[in-house]
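Written out below as structure tokens is the structure these notes cover.
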């Protein structure tokens, strides 16, 4: 069955994946008919699952009903405390059960839920809070320690911790053990539209400062139907039939292997799970052995993460002894996947269907995807667009659409694309044109419509799914008094895809070693941005006539040095 035939059958007017045209920011877009219009509506609709488990964290089990009560209690507190539609409510914590409570409480009253990267250090957190103009901040103990003092004008709530001047979230909603006993109150009254602003998630900026990606309710909820569509399309193309749900089957569940502050975590895992009544198992931090134990204990069906995680699961010695027969799907994206990963997963977990996808913070996650036989036949591809999205490869002028298999810049469009960068109209105009997003990835599209990423136009290193903008680390190195010149490059790494390595030229007469320079970066930036190695060079760094660093030459020289 061709891709066009599969899409035509799946998107028929009477189907679960029916499509309608909507004008968004002056552009006609294809949109899912049956996706909840707003996160508020998603939460209300989830009442049908109140008796089911929803969040499991260590020895804590929270049902959908208790979760919704906690969200409502916090929503009323925020509304009574003068939070109004459009206000920014910031969340800075690891994957705790309280994270989605704050997230949905803010969204349900029209506030903009603003997700902070939990890896960030003080300067990064402080900048993002000021940049977005947050009125409220919910932070766990580790993030509060990094902030040291409360930002001016921001009301702070401590989550599983304490800080002078901060309100304890427990005083408002209690501990997770008490959520089910909270009053079952309707959400505060508020009028919301699908295209109202909903979230700000941050992406590294080319200027070295994070950019806030503003997205609508429609954009962030498109993943609910998009993910289900992707599975149905794979089944239809693999077997000619659609999957049939077993009404007597045990509750489905997924391992929450990615952070909530990533769009994959919040939009492609959290929201679809609440919509379907699936359970999510949270972990304090990623550990492959612990993940395998939880998959066995909870009889989990899905793991969604980055390729590194899947490689660690397949290679872990416990994979051969744990009962993993409940797994039906292993999905990953966020970084390049080794072509042999699909075969390695088939060997370790033969019944689980592997899937690979592509998305950006600016696309609110899932845009391109494939799984099953489509993926096995094209292990170097990141998939084809879901039915409401479009993808084109264009020439350098940004207008000429290139033919199949010719490399150019990837442009995408759909209802899931961001509204723009928060308070940055120039950066928005540079990437958004007529409803199309300029991705910065160099790609080719084959004759069947599958996209193959071949390079990046942006100067970034993708370390295990985390984007490291080279200029941010280079600027940090330049602040060290001993550094004259610096370049950050991505060195291939079997486990993480690539890791950041810095090459530095010292000022005349200055003294510093690699570990001192690494410590300098670590004191200011998130751990994933810290170079794994700093190489000192006695020769000037290679540049072209315009003064631009020749990163390929630098990387090649590193390879020769290590060889």
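The values are calculated or read from the model by the stated rules, or taken from the named source; none is laboratory data. On a predicted model such as this, the values are computed, not experimentally measured, just so you know. Cβ coordinates were reconstructed from backbone atoms using ideal geometry, including for glycine residues, and neighbour counts include every protein chain displayed.
Which fully enclosed strands (runs of 3 or more DSSP E) of region 275-381 have 1 or more residues being over 17 Å from residue 258 (Cα atoms)?
Hits in region 275-381: 353-360, 365-371.
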Which one of 45, 53 is touching a residue at least 60 places away in the same chain (Cβ under 8 Å), touching a strand residue (DSSP E or B) at 6+ places or on another chain (Cβ under 6 Å) and in the same structural domain as residue 192 (by TED's automatic domain parsing)?
53
Within region 132-146, of all residues that are free of Cβ contacts under 8 Å to residues at least 40 places away in the same chain and in contact with a strand residue (DSSP E or B) (Cβ under 8 Å, 6 or more places away or on another chain), the one surrounded by the fewest Cβ atoms within 10 Å (Cβ to Cβ) is 141
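Taking residue 85, is it modelled with pLDDT of 95 or more and part of a loop (DSSP other than H, G, I, E, B)?
Numbers: modelled with pLDDT of 95 or more: yes; part of a loop (DSSP other than H, G, I, E, B): yes.
Here the answer is yes, as residue 85 does meet what is asked.
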Do any residues in region 307-334 that are not assigned by TED's automatic domain parsing to the domain that holds residue 249 have Cβ atoms under 6 Å from those of residues that are buried (at least 21 other Cβ atoms within 10 Å of the Cβ) and assigned to a loop (DSSP other than H, G, I, E, B), where the two are at least six apart or on different chains, and which pairs are they?
none
Kindly indicate whether residue 62 is within 25 Å of the chain's Cα centre (by Cα), under 30 Å from residue 293 (Cβ atoms) and either free of Cβ contacts under 8 Å to residues at least 40 places away in the same chain or surrounded by 22 or more Cβ atoms within 10 Å (Cβ to Cβ) (or both).
yes
Residue 35: passes all of (1) more than 24 Å from residue 234 (Cβ to Cβ); (2) surrounded by 19 or more Cβ atoms within 10 Å (Cβ to Cβ); (3) out of contact with any strand residue (DSSP E or B) (no Cβ under 7 Å at 6 or more places or on another chain) but (1)
Criterion first (within 23 Å of the chain's Cα centre (by Cα), over 24 Å from residue 396 (Cβ atoms), surrounded by 19 or more Cβ atoms within 10 Å (Cβ to Cβ) and not assigned by TED's automatic domain parsing to the domain that holds residue 537) does residue 436 satisfy it?
no
Looking across region 11-27 at residues that are touching a strand residue (DSSP E or B) at 6+ places or on another chain (Cβ under 7 Å) and free of Cβ contacts under 8 Å to residues at least 24 places away in the same chain, the single one that is surrounded by the fewest Cβ atoms within 10 Å (Cβ to Cβ) is 21
Looking at region 320-340, which of the residues that are within 20 Å of residue 287 (Cβ to Cβ) and crowded, with 20+ Cβ neighbours inside 10 Å is farthest from the chain's Cα centre (by Cα)?
324
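Considering only region 397-406, I want to know if a residue exists there that is in a strand (DSSP E or B), at pLDDT 95 or above and farther than 16 Å from residue 25 by Cα. So that I can check it myself, show each step before the final result.
Step one: of region 397-406, the residues in a strand (DSSP E or B) are 401.
Checking the rest, the ones that are also at pLDDT 95 or above come to 401.
With farther than 16 Å from residue 25 by Cα added as a condition, the list becomes 401.
Taking every residue of region 397-406 in turn, at least one turns out to be in a strand (DSSP E or B), at pLDDT 95 or above and farther than 16 Å from residue 25 by Cα.
Test of understanding: among 403, 379, which residue is in the same structural domain as residue 195 (by TED's automatic domain parsing) and either in contact with a helix residue (DSSP H, G or I) (Cβ under 7 Å, 6 or more places away or on another chain) or without any contact (Cβ under 8 Å) to a residue 40 or more places away in the chain (or both)?
Selected residue: 379, the only one of 403, 379 that is in the same structural domain as residue 195 (by TED's automatic domain parsing) and either in contact with a helix residue (DSSP H, G or I) (Cβ under 7 Å, 6 or more places away or on another chain) or without any contact (Cβ under 8 Å) to a residue 40 or more places away in the chain (or both).
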Mind listing whichever residues of region 181-202 are outside any loop (DSSP other than H, G, I, E, B) and surrounded by fewer than 18 Cβ atoms within 10 Å (Cβ to Cβ)?
181
Boolean, residue 261 is more than 24 Å from residue 249 (Cα to Cα), modelled with pLDDT of 90 or more and not in a helix (DSSP H, G or I):
yes
Residue set 226, 231; condition within 28 Å of residue 417 (Cα to Cα), at pLDDT 90 or above and surrounded by 24 or more Cβ atoms within 10 Å (Cβ to Cβ); output residue 226
Output yes when any residue across region 149-158 is surrounded by fewer than 16 Cβ atoms within 10 Å (Cβ to Cβ) and free of Cβ contacts under 8 Å to residues at least 12 places away in the same chain, and no when none is.
yes
Is there a residue being assigned to a helix (DSSP H, G or I) and within 22 Å of residue 527 (Cα to Cα) anywhere in region 99-109?
yes
In region 162-173, which residues are surrounded by 17 or more Cβ atoms within 10 Å (Cβ to Cβ) and in a loop (DSSP other than H, G, I, E, B)?
163, 166, 169
I need a count of the residues in region 110-149 that are in a strand (DSSP E or B) and in contact with a helix residue (DSSP H, G or I) (Cβ under 6 Å, 6 or more places away or on another chain).
3
Identify, by number, the condition in (1) touching a helix residue (DSSP H, G or I) at 6+ places or on another chain (Cβ under 8 Å); (2) within 30 Å of residue 2 (Cα to Cα) that residue 219 doesn't meet.
(1)
Selection over region 316-345 where residues are more than 29 Å from residue 249 (Cα to Cα) and out of contact with any helix residue (DSSP H, G or I) (no Cβ under 8 Å at 6 or more places or on another chain) yields a count of 3
Apart from one, (1) out of contact with any strand residue (DSSP E or B) (no Cβ under 6 Å at 6 or more places or on another chain); (2) more than 30 Å from residue 408 (Cβ to Cβ) all hold for residue 559; the odd one out is (2)
With the checklist (1) surrounded by fewer than 23 Cβ atoms within 10 Å (Cβ to Cβ); (2) touching a residue at least 60 places away in the same chain (Cβ under 8 Å); (3) over 19 Å from the mean Cα position of the chain (by Cα); (4) farther than 23 Å from residue 455 by Cβ in hand, flag the one item residue 388 doesn't pass.
(1)
